[in-house]
Structure formats: structure tokens, C-alpha cells
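The values are calculated or read from the model by the stated rules, or taken from the named source; none is laboratory data. What you are looking at is a predicted structure, and each value in this text was computed from that prediction instead of being measured. Here the Cβ positions follow ideal geometry from the backbone for every residue, glycine too, while neighbour counts run over all protein chains shown.
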Amino acid sequence: MDKAQPPLANTFTLGVRDFDAQRSFYRRLGWPLAFDSDDFAVFEMRGAVLALFPVDKLADDSRAQPELGCGGIRFNIIISVDSPEEVDELADRVRRAGGTLTKEPVDAEFFVGRDAYFSDPEGNYWEIAWAPPDNPVVAAQRRAAGIAP
């Protein structure tokens with residue numbers, strides 16, 4: 001790896017308790033399935049991929065103990081969309097797919113834009129967010145994904 005370049009980090013793996021149910025949820029969202037097997041599935045996202053792997057196998061692979069805690073937010077993954085309307089549209093798809101909206105689409109509280117939060121059936125949290133192109137985080141996301149400003 002060239003020391004001048006930051007590392008490429010664009011695969012997010014969720015260790016899941018009920019692999020089949022989680023895979024079905026993300027399929028219902030309509031995200032393209034890039035790989036599918038009995039215990040590993042990968043969904044394409046713009047600029048990244050989401051992998052699902054049974055939490056016990058993820059723990060074995062990493063030589064760590066699985067975290068099976070329930071309730072509360074431990075992390076979230078931000079899905080950046082291109083317009084305020086897309087926040088609402090994706091939130092509706094999440095609801096129809098069986099996800100739980102924990103924050104309905106609203107004008108954002110901590111930045112200029114619009115956002116919503118949801119959790120998948122196992123309590124993994126996602127934020128759906130839109131911010132104008134002059135937002136420095138949006139600019140960095142677009143650069144990282146190779147998308148022109």
C-alpha cells in the first residue's frame with residue numbers, strides 16, 4: 001500500500017444472528033445482491049458493499065467473542081442520498097421491507113439537510129441522509145466513491 005494514500009475501506013460486514021431473515025430484509029430493500037451462499041451474502045451499495053455473515057462465524061474468523069447485546073444503538077452506517085425526497089423514498093422502502101424507523105424523515109438537527117434513522121430486524125442502525133454538495137462530509141464521501149462533485 002502506498003503510504004501517501006489512505007486505505008480503501010468500503011466493505012461493511014454485519015455479524016447477524018438470523019442470517020436468512022437478515023438476507024431477506026436486505027433483498028426486500030431491493031439492493032443488488034453481488035454474492036450469495038448458505039452463510040455469506042454481499043449487497044452492492046454505491047461506493048461500498050454490505051456483507052452479512054453469521055455472528056458466530058464472524059467471531060470464529062476474527063478470534064473474538066461475539067457481541068450479542070440487544071437494544072440501543074452501538075453504531076450506524078450512513079446511506080447518503082442525492083436529494084431530500086430520496087430520504088423519504090428510502091424510508092418508505094425500509095418500512096415496507098420490515099425495518100423499523102426510529103426517526104421519521106425530518107429536517108436534520110445537527111447539520112443542514114434531511115435525515116431519518118432505521119434499524120434492520122436485528123437492531124443494526126442506519127441513517128439515511130441528504131446534505132447539500134457544499135457540506136464537507138458529502139464532498140469527502142463523493143471523492144471516496146469516485147463521484148464527481
Go through (1) among the small types (G, A, S); (2) crowded, with 17+ Cβ neighbours inside 10 Å; (3) over 18 Å from E122 (Cα atoms) and name the single condition A97 misses. (3)
Qualifying residues in segment 1-38 (those that are among the basic types (K, R) and at pLDDT below 95) - the one nearest to G146 (Cα to Cα): K3
So, R142, is that one farther than 22 Å from S24 by Cα and at pLDDT below 85 or not? yes
Please tell me if A64 is assigned to a loop (DSSP other than H, G, I, E, B), over 30 Å from D134 (Cβ atoms) and of a type in the set (G, A, S). yes
Under 8 Å between Cβ atoms, which residue pairs at least 6 apart in sequence (or on different chains) link something in segment 84-108 that is free of Cβ contacts under 8 Å to residues at least 60 places away in the same chain and of a type in the set (A, V, I, L, M, F, W, C) with a partner that is surrounded by fewer than 16 Cβ atoms within 10 Å (Cβ to Cβ) and part of a helix (DSSP H, G or I)? L101/R95
Can you tell me which residue is surrounded by the fewest Cβ atoms within 10 Å (Cβ to Cβ) among those in segment 49-73 that are closer than 24 Å to R93 by Cβ, free of Cβ contacts under 8 Å to residues at least 40 places away in the same chain and not β-branched (V, I, T)? L50
Check on A59, of a type in the set (G, A, S), part of a helix (DSSP H, G or I) and out of contact with any helix residue (DSSP H, G or I) (no Cβ under 6 Å at 6 or more places or on another chain): yes
Can you pull out the residues in segment 109-124 that are farther than 14 Å from S83 by Cβ, buried (at least 18 other Cβ atoms within 10 Å of the Cβ) and of a type outside the set (D, E)? Y117, F118, N124
Within segment 4-36, the count of residues that are among the charged types (D, E, K, R) and either assigned to a helix (DSSP H, G or I) or within 16 Å of the chain's Cα centre (by Cα) (or both) comes to 4
What do you reckon, is Q22 polar (S, T, N, Q) and more than 19 Å from S119 (Cα to Cα)? no
